[in-house]
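The values are calculated or read from the model by the stated rules, or taken from the named source; none is laboratory data. If you're wondering where the values come from, they're calculated on a predicted model, not measured in any experiment. Note that each Cβ is placed from the backbone with ideal geometry, even for glycine, and that neighbours are counted across all protein chains shown. Side chains included, ligands, DNA and RNA excluded: accessible areas come from the protein's heavy atoms. Shrake-Rupley method; radii C 1.70, N 1.55, O 1.52, S 1.80 Å.
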Amino acid sequence: MTTTTVGLGQWRVSRNPGESLCILGLGSAIALCLYDPHARAAALAHVMLPSGRDGEETPAKYCDLVVPFLLDKLGDAPATPEDLRVAVLGGATMMCRGTSALLEIGNRNAAAIVAALNEAGLVPTVLDVGGVQGRTVMVDVGSGRITVKVLRQPDRVFADLTAPTEV
Amino acid sequence: MAGPVDEMLDFGDKLPSFPTAIAEAIRLLSSESADNDQIATVLQRDQGLVAQVLKLANSPFYGVSRRVSTVKQALLVLGRNAVRSLVVAAGSQEFLSRPQPGYLLARGQLWEHSMAAGTAAGLVAAKVHYRPSDEAFVAGLLHDIGKVVLSEYLAERSAELAELLDMRSETMTFNEIELEMLHIDHATLGGLLCDHWQLPPRLGRAVRFHLRPGDAGDDWQLASVVHAANALTLAVGIGLGVDGLQYSLDEECLLRLGLVEGDLEVVADELVVQLNRAATLAV
């Protein structure tokens, strides 16, 4: 099994069933995974911020730009959006005892990515966001299984991007 | 009753010490009677240290147009205070690079977080026009130095820590949990370490109050810059341990600094660019 790490603001598409895509240490950023179960193709982006400018060199970094970009990179996507499995993970936020949204990047990221998906006619089949803990996300390309690792907690496994199962 | 950390603070020899060359250099850099030749001679006994100091001196935070290639040049161009901070920063790499089991951080993770926070502090300082930005860089680099000491104590009482985290993760910040368990938090202890190493008092106060910058008195600006830098580094996900993002944000201080909604996202964007550039250079 080959493991490929997706760095800050980076993305990766794989059709190699022996490959695992990984994001180490998600804080307020989002792991966006698009999975085509028929082609067994996975796209994973490490999305850092709610919005970017048009014409950005690194659209995978921004919630409002990443969805069409990643769909394009996944290519040969299923004929209907319903066949595409979508997972959104991450978006942790610091404890805030005030009212300003100065650094609620996690919450803003989570809201922005769901809005961008909806705009593309997509709904997350897995939504694992929020909290104050960092996450490490692994996507098994062959099976579509996603494993979320959080320190001190049991792994959360989303088999076939449908339902959570604790192991 | 004295807690374990109170006992430790009664025994200065239990606090981490720098190797002889670094300790001697810090002493000389603080002494008005020492000249630059003496300081350079002592520093050059540790070539690894010299290399690290020069690497930091040539980082963008110092804005030096010409490459600094010797210790003497660094003293002339940057001045003694900046070189003293650089020596401490370079010397702290050994401590910060160690595994920190109490925080579930593997070898190198706290150093990575510290370097990112130093970078972020330089960016925040530039955004709010705080000068000198190199001071912000060093304060950011050292902000979590107290974890180096507290890690061992947290690891020894991991069951109690786990229980508190399970029960109070939504109501208590991690530093409040440290305070409850050990009667001191890593920020306060970091400030004490800076004093122990005879760093400039403002640096010590920025480290001590980086989690509650509103209490830093006249040094609230530097403490707030480090507060923002730490928050950004955690948000970006660099060096997340068992404490994760379980800290509170002092919005009032950030607003007083002049930051407005969206500013920190701009800084986070630039931070990611700089971290990716550094990662590329390291390969």
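Structure notes:
- Carbon + sulfur, % of accessible area of region A:2-158 - ligands and nucleic acids excluded, 1.4 Å: 50
- Based on protein heavy atoms only, region A:2-158 ends up with 39 Å² per residue of surface accessible to a 1.4 Å probe.
- Apportionment of accessible area to carbon and sulfur, chain B, percent (1.4 Å): 50
- Residues of region A:40-59 that lose at least 20 Å² of accessible area (1.4 Å probe, protein heavy atoms only) when the other protein chains are present, relative to their chain alone, are A:48, A:49.
- Accessible area (Å², 1.4 Å probe, nearest 10) - residue B:158: 70
- Antiparallel DSSP beta bridges within region A:2-158, as percent of all bridges there, nearest 5: 75
- Per-residue average of Cβ from other chains inside 10 Å of A:65-75: 0
- Drop in accessible area of at least 20 Å² in the complex versus isolated chain, residues of region A:139-157, 1.4 Å probe: A:151, A:152
- In this view, the solvent-accessible surface of residue A:149, computed with a 1.4 Å probe and all protein chains in place, comes to about 90 Å².
- Per the Cα gyration tensor, chain A maps to an equivalent ellipsoid with semi-axes of 23, 19, 14 Å, ordered largest to smallest.
- Test item: B:267-279 mean partner chain Cβ contacts at 10 Å: 3
- Separation of region B:144-209 from region B:216-263 is 16 Å, based on Cα centroids.
- Of all DSSP beta bridges confined to the protein assembly as shown, the antiparallel ones make up roughly 75%.
- Residue pairs, from the table A:73/B:127; A:149/B:127; A:149/B:147; A:73/A:149; A:73/B:55, whose Cα atoms sit over 30 Å apart: A:73/B:127; A:149/B:127; A:73/B:55
- Largest accessible area first, the residues B:166, A:64 order themselves as B:166, A:64 under a 1.4 Å probe with ligands, DNA and RNA left out.
- Three-way shape call for region B:155-218 based on the alpha-carbon gyration tensor, with the a/c threshold at 1.5: oblate
- In sequence order, calculated HN-Hα J values of region B:133-150 (Karplus, 6.51, -1.76, 1.60; Hz; x Gly/Pro): 6, 5, 5, 4, 4, 5, 4, x, 4, 9, 4, 9, 4, x, 5, 4, 8, 5
- The contact between chain B and chain A removes approximately 3000 Å² from the accessible area (both sides summed; 1.4 Å probe; ligands, DNA and RNA excluded).
- Cα extents of chain B along the three principal axes, largest first (Å): 56, 46, 41
- Test item: A:19-29 mean partner chain Cβ contacts at 10 Å: 4
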